[in-house]
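Read-outs: derived from the displayed coordinates by stated rules, not from any lab. Owing to the predicted nature of the structure, the values given are computational and were not obtained by experimental measurement. Every residue, glycine as well, gets a Cβ built from its backbone with ideal geometry; the counts of neighbours run over all protein chains shown.
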2 protein chains.
Amino acid sequence: MERHFEVKIEELKRILVLMGAYVEKALEEAVDALLKEDRSRFQKVHDIEKKINDEQLRIDNFCIELLAKQGPVARDLRFIVAVIKINTDLERMGDQCVNIAYSGFDYLQSNVPVESPEIAQMVLDVKAMVKQSLDAFVQGDEAMAQAVMLMDDRVDENKNAVLRRLEEWMKKSPEHIKPALNLISIARSLERLGDHATNIAEDVIFASSGRDIRHGKESRL
Amino acid sequence: MERHFEVKIEELKRILVLMGAYVEKALEEAVDALLKEDRSRFQKVHDIEKKINDEQLRIDNFCIELLAKQGPVARDLRFIVAVIKINTDLERMGDQCVNIAYSGFDYLQSNVPVESPEIAQMVLDVKAMVKQSLDAFVQGDEAMAQAVMLMDDRVDENKNAVLRRLEEWMKKSPEHIKPALNLISIARSLERLGDHATNIAEDVIFASSGRDIRHGKESRL
C-alpha cells in the first residue's frame, strides 16, 4: 500500500510537470510571436491551451481519487492539496498566454511600434519565475520558491513603468492609443503570470514544510 | 463520528459564507465609493480585505484538518475540495476589490468624469453573480449556479463596450487618457470578479453532482 501510494504521488508529480511544460511552451510562443513579430505562432498558443485544459481535468480527478482511496495525512496530504491549487494556477496561466497572443496580434496589426524595454524585461523575469516555480515544486526546494517570490517585486515595478511610459506615448498622438492599450493588456497579463508563479511558490513551501506564508503571516499546520 | 462530521461540514459552510459576505461588502464599498464619489469608503475596502485574508488561512486549515482526520469520500470529499478552490477564488476577489478602490480613487482625483453606463451595468451584473454564486453554494442549487455562468457573457460584452467607448474618448483629448486608464482597470477588475464567480458556480456543480463542466466538456467522477 505504502509503495503503491509513492508510485501514485510520483505519477501525479510527473503529470503536473507536463502541464507546467505546456504553460512554459504557451508563454514562449506568445511572447516570441510578439517580440519577433511572427503572427503564425499565435495559433500555437491556442492549441497548447487546449492541452492545458485537458490536463487540468485529469489532474483534479487524479487528486480526488488519491484522497478518496488512500486517505493521506501530513506531508502527503499537503502535497495533494498543493497540487490541486497549483493545477488551478497553471490553467489560469494558460488563459493569460492566450490573452497575450490576442493582444499581441492586435498590436502587430496596428503597425505603430513603440520601444518598451520594460516589457522585454518583464518577459525575461516572468519566464524565469514560471520555470523556477516549477523546478522548486519538482525538487521541493524552499529556497528556490522564496527566490521566485522576491522576483515578483521587479515584475510589478516594471508593469508600473510600462504604464507610465505608454501613458506619455498615448498623449503624443491619438493613433498611439490603440496599440498602447494592447501593450498595457500584455503587461497586465505578464504581471498576472508572475502572481500565479508566486502562488505556486507559496504552495511549494506549504507542501514541503507545512508553513503557510501567505499574507505576510506565518502559521504552521 | 458521522454526526460529528456533519457538524464540521456545517461549520465549514458557515465560515465560507462569512468570507463570501466580506467579499460582497468589499465590492459594495469599492463600487459605491466610485459611483457615489465618496473617497472615504476606499479605506474600508482595505480593512475588509485584511479580514478576507485571515479567513482564507482559517478555511484552508479547516479543510486540511477535515481531510486528515475524517478521510471523507464521495460527496463529502468533493465538497471539501470545492471549498478549497472557492476559498482561493474569494481571496482573489478581495484583491480585485482593492484594485477597484485604488483605480477608483485615482479616477476621482482626475476630475474629468465620463459617462460609462456599461460600467454601471457591469457593477449590477457582477454584484448579482457574486451573490448568486454564494447562494448557489449554500443551497447546493445547480440551476442557480448555471444562471451565474450565463450572466458572465454579458459582463464580458460590457467590458468590451467600455474599452471601445474609452478608446474613442481618449482620442478626443490627452487629458482624458489617465482617467480612462483608471476606468479600464476597473472594468478589467469587474470582469475578473465575474470570472471568479463563474469558477465558484462550476465548483458548486462539481460539489453537488460530481459533474465537471469546465472547458465545455463534461466528465463525471
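List of remarks:
- Subset of segment B:122-173 (residues that are among the acidic types (Asp, Glu), closer than 30 Å to residue A:176 by Cβ and out of contact with any helix residue (DSSP H, G or I) (no Cβ under 8 Å at 6 or more places or on another chain)): B:157, B:168
- Some residue of segment B:189-204 being surrounded by fewer than 16 Cβ atoms within 10 Å (Cβ to Cβ) and either among the basic types (Lys, Arg) or farther than 29 Å from residue A:87 by Cβ (or both): no
- Of all residues in segment B:56-92, those satisfying the criterion of being basic (Lys, Arg) and farther than 23 Å from residue A:213 by Cα are B:69, B:75, B:78.
- Taking first residues from segment A:81-105 that are within 11 Å of chain B (Cβ to nearest Cβ) and partners that are hydroxyl-bearing (Ser, Thr, Tyr) and surrounded by 24 or more Cβ atoms within 10 Å (Cβ to Cβ), the Cβ contacts under 7 Å between residues at least 6 apart in sequence or on separate chains come to A:99/A:189.
- Long-range neighbours under 8 Å by Cβ, at least six apart or interchain, first residue more than 7 Å from chain A (Cβ to nearest Cβ) and on the phi > 0 side of the Ramachandran plot within segment B:67-78, second hydrophobic (A, V, I, L, M, F, W, C) and assigned to a helix (DSSP H, G or I): B:74/A:68
- Filter result (part of a helix (DSSP H, G or I) and surrounded by 20 or more Cβ atoms within 10 Å (Cβ to Cβ)) within segment B:64-76: B:64, B:66, B:67
- Filtered residue count, segment B:133-156, keeping only those that are without any contact (Cβ under 8 Å) to a residue 40 or more places away in the chain and either of a type in the set (S, T, N, Q) or assigned to a loop (DSSP other than H, G, I, E, B) (or both): 1
- Flag for residue A:203 being within 13 Å of chain B (Cβ to nearest Cβ), in a helix (DSSP H, G or I) and closer than 22 Å to residue B:191 by Cα: no
- Candidates A:177, A:119, A:184 - the one that is farther than 30 Å from residue B:202 by Cβ and within 12 Å of chain B (Cβ to nearest Cβ): A:177
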